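The structure under discussion appears below in the form of structure tokens.
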Amino acid sequence: MKKLAKSLIALLLLAGTVTGCTSTTPPANDGNTGTNDQVTEGGTCSFENMTLEEVNKFLNESADLGEGSVGNVVAVVPINHVDGPRNETNFYAFVNFKYVARNYIKYQITYLSCTCRSADVNYWQTAYVELTLPDSKDIKDSEVRFLSFDQDSAGHYLGGFWGDSNPTPAGVTYETFKEEYIPFFKGKTYDYISTLSVQDDIDPTDYSAGEGREGLTLDTFTGSSVSTNNIIRMLNALFQYHATDEYFN
């Protein structure tokens, strides 16, 4: 998983559409505009200005990845990260896996959540997410069918990875996130999640609604981890990518 993320990061350095290239080795990004050339064993690769859509097309067409392949579809998607002091940073997240089921789509998405740690332990985390394909074909009606940072919905495979502290500096364990915070998003529509930016945007009454949630409070996580906010950011980024599926078009 880490190797895939590193490969995708390298591909972001591509400055353009590949023309007449016999190697998939990405060019070094020297910061110059225009065409970049890289000499490889097979010759010279030329790159012109490239969009993110073209990067994703390249990923799924230049190797044994993509629809109908054993590797499934992958993608690079923009994500708006937020740190503890609420500074905004434009990052990319990596969809490592997309599989279309009958009325929902399975995803793995890897993203950087906590940026306060030293570089040697600045691990990324991976979510396993299922988003529905609503009968209305309106992306606003799509729901979070399942969300996990460990086992998938069948309980047979580890589809996710919790990369944040456990426990957090404030003493909140991953198990608390798993039992209290993460389940809140299951069944929520994109219409609702798109109104959220950070944990504070969640109505405390909504958060404690439902059987077994009567005593739960968002104060449990206040000042504990940026992951509460970046789970929201990740879901918004993934829903935006989900909306590009041909089902909605």
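What is the gain in length, in nm to one decimal, between Val121 and Arg102 on full extension, counting 0.36 nm per residue of separation less the C-alpha to C-alpha distance? Numbers along the way, then the final one.
Numbers: separation 19, 0.36 × 19 = 6.84 nm, distance 3.88 nm.
Working it through step by step, the gained length comes to 3.0 nm.
So if R0 is 41 Å, what FRET efficiency would Asp141 and Glu61 give, r being the distance between their Cβ atoms, rounded to the nearest 0.05? Once rounded, the FRET efficiency stands at 0.85.
Plugging the Kirkwood radius over Cα pairs into Stokes-Einstein for segment 177-249, at a temperature of 20 °C and a viscosity of 1.002 mPa s, what D comes out in µm²/s? Numbers along the way, then the final one.
Working: Rh = 13.2 Å.
After rounding, the answer is 162 µm²/s.
Please identify the GluC sites (Glu not before Pro) of segment 188-249 that satisfy two criteria: DSSP loop assignment and at most 15 other Cβ atoms within 10 Å. Which are they?
Working: sites: Glu211, Glu214, Glu246; in loops: Glu211, Glu214.
Answer in residue order: Glu211, Glu214.
Across segment 134-249, Cα pairs under 8 Å and at least six residues apart give a relative contact order of 29 percent. Based on protein heavy atoms only, segment 93-228 ends up with 48 Å² per residue of surface accessible to a 1.4 Å probe.
Computed extension length for Thr51-Gln240: 66.4 nm, one decimal, from 0.36 nm per residue of separation with the Cα-Cα distance subtracted.
Model label points for Asn80 and Thr217, set 7 angstrom from Cα along the Cα-to-Cβ axis, are 3.0 nm apart. Label zone of Tyr247 (point 7 Å out along Cα→Cβ, amide N under 19 Å): in segment 133-162 this covers 133-148, 152-154. Positive contributions from Lys and Arg (+1) and negative ones from Asp and Glu (-1), summed over other residues with Cβ under 14 Å from the Cβ of Asp83, come out at +1.
The values are calculated or read from the model by the stated rules, or taken from the named source; none is laboratory data. Everything quoted here is computed from the prediction, not taken from an experiment. Cβ atoms come from the backbone with ideal geometry, glycine included; neighbour counts cover every protein chain shown. When the accessible area is computed, the model is the full protein with side chains, heavy atoms only, and any ligands, DNA or RNA have been set aside. Shrake-Rupley method; radii C 1.70, N 1.55, O 1.52, S 1.80 Å.
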